[in-house]
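Participant: My questions all concern the structure below.
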Amino acid sequence: QQRLLAELVWEALENARIAPASIAGKEVGVYIGVSALDHANLFGGDPGAIESHFMTGNTLSIVANRISYLFDLKGPSFIVDTACSSSLVAVERALADLRSGRVDTAIVGGVNMLLSPAAFVGFSRAQMLSPTGACRPFSADGDGYVRSEGGVVFILQRSDVADPGAIRALIKGAAINSDGRTSGIALPGLDGQRSLLERTYAEAGVSPEDLAFVEAHGTNR
């Protein structure tokens, strides 16, 4: 996860027309969504296989901290673990720091690698995974979800700082909340989701009728 993320950060900086040397020593924040420790699980039952790099290679905080270390960045550097929403919450935290002036540039991303069978066994025992291997959100035929892996990195900057020729999109707003007590700790709540969307659209000054595309979490059932 750390190796993949380092490669993605380099590519994202290139895409944003930012030379790594130009941000070294500066207050650049790193906000990374990550939840899995699959690599550590591969060696958990064999203490003899643990070597000198095991702890730094398998501690979630280092997923963000290594980016700050490699590029000599002095701003906030931390991971966000809110399970499936980790990367989105990382974006919200980065936006808050950008708006407050805490940082001018934020490296925001997420990474997940499926390296151990342990989580597959656990989710299967909990009857969460789709036995047919397909997500069917909003369908009565939905029988579970499908796990996936990958990584993504964005360079976020205020519009008065960013290179105009490198701007790909403008984020109008982001917000987070918790649904509190629902029908199950791993299940969403309608009221909480509705109130969050209403507040997000209102704060961003966006009408839901103006949306052209909606991406939703892959629901279980």
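The values are calculated or read from the model by the stated rules, or taken from the named source; none is laboratory data. Small disclaimer: the values here were computed from a predicted structure and weren't measured. Heads up, the Cβs are rebuilt from the backbone with ideal geometry, glycines too, and the neighbour counts pull from every protein chain shown. Surface accessibility is based on the protein's heavy atoms, side chains included, excluding ligands, DNA and RNA. Shrake-Rupley method; radii C 1.70, N 1.55, O 1.52, S 1.80 Å.
Participant: Whether any residue in the range 129-138 is of a type in the set (D, E, K, R) and either exposed (fewer than 12 other Cβ atoms within 10 Å of the Cβ) or at pLDDT 95 or above (or both) is what I want to check.
Facilitator: No: the range 129-138 contains no residue that is of a type in the set (D, E, K, R) and either exposed (fewer than 12 other Cβ atoms within 10 Å of the Cβ) or at pLDDT 95 or above (or both).
Participant: Which of the residues that make up the range 127-150 are in contact (Cβ under 8 Å) with a residue 40 or more places away in the chain and on the phi < 0 side of the Ramachandran plot?
Facilitator: Answer for the range 127-150, where residues must be in contact (Cβ under 8 Å) with a residue 40 or more places away in the chain and on the phi < 0 side of the Ramachandran plot: MET128, CYS135, PRO137, GLY142, ASP143, TYR145, VAL146.
Participant: So which of SER61, SER22, SER77, SER68 ends up being more than 26 Å from ALA166 (Cβ to Cβ) and among the polar types (S, T, N, Q)?
Facilitator: Going through SER61, SER22, SER77, SER68 in turn, just one is more than 26 Å from ALA166 (Cβ to Cβ) and among the polar types (S, T, N, Q): SER61.
Participant: Under 6 Å between Cβ atoms, at least 6 apart or on separate chains: pull out the pairs that start in the range 2-28 with a residue that is more than 26 Å from GLY57 (Cβ to Cβ) and end on any residue that is of a type outside the set (S, T, N, Q) and modelled with pLDDT of 95 or more.
Facilitator: ALA16/ILE155; GLU27/LYS74; GLU27/GLY75; GLU27/VAL103
Participant: If only one of GLY151, GLY184, GLY173 is farther than 30 Å from VAL103 by Cβ and either among the small types (Gly, Ala, Ser) or part of a helix (DSSP H, G or I) (or both), which one is it?
Facilitator: GLY184
Participant: Filter the helices (runs of 4 or more DSSP H) completely within the range 5-113 down to those with at least 1 residues that are touching a Ser or Thr at 6+ places or on another chain (Cβ under 7 Å).
Facilitator: Passing ranges, in order: 20-23, 38-41, 60-71, 86-100.
Participant: If you check SER124 against the conditions, is it within 27 Å of ALA36 (Cα to Cα), outside any loop (DSSP other than H, G, I, E, B) and over 18 Å from the mean Cα position of the chain (by Cα)?
Facilitator: So SER124 fits the description; yes.
Participant: Right, another one. Would it be correct to say that GLY150 is open to solvent by less than 40 Å² (accessible area, probe 1.4 Å) and not acidic (Asp, Glu)?
Facilitator: yes
Participant: Would the range 153-167 turn up any residue that is open to solvent by 40 Å² or more (accessible area, probe 1.4 Å), touching a helix residue (DSSP H, G or I) at 6+ places or on another chain (Cβ under 9 Å), assigned by the TED database to the domain that holds ALA40 and within 18 Å of ALA36 (Cα to Cα)?
Facilitator: Checked the range 153-167: no residue is open to solvent by 40 Å² or more (accessible area, probe 1.4 Å), touching a helix residue (DSSP H, G or I) at 6+ places or on another chain (Cβ under 9 Å), assigned by the TED database to the domain that holds ALA40 and within 18 Å of ALA36 (Cα to Cα).
Participant: While we're looking at this one, here's another question. Can you pull out the residues in the range 14-43 that are open to solvent by 60 Å² or more (accessible area, probe 1.4 Å) and either of a type in the set (S, T, N, Q) or more than 23 Å from ALA90 (Cβ to Cβ) (or both)?
Facilitator: If the condition is that a residue be open to solvent by 60 Å² or more (accessible area, probe 1.4 Å) and either of a type in the set (S, T, N, Q) or more than 23 Å from ALA90 (Cβ to Cβ) (or both), then ASN15, ALA21, ASN41, LEU42, PHE43 are the ones that fit.
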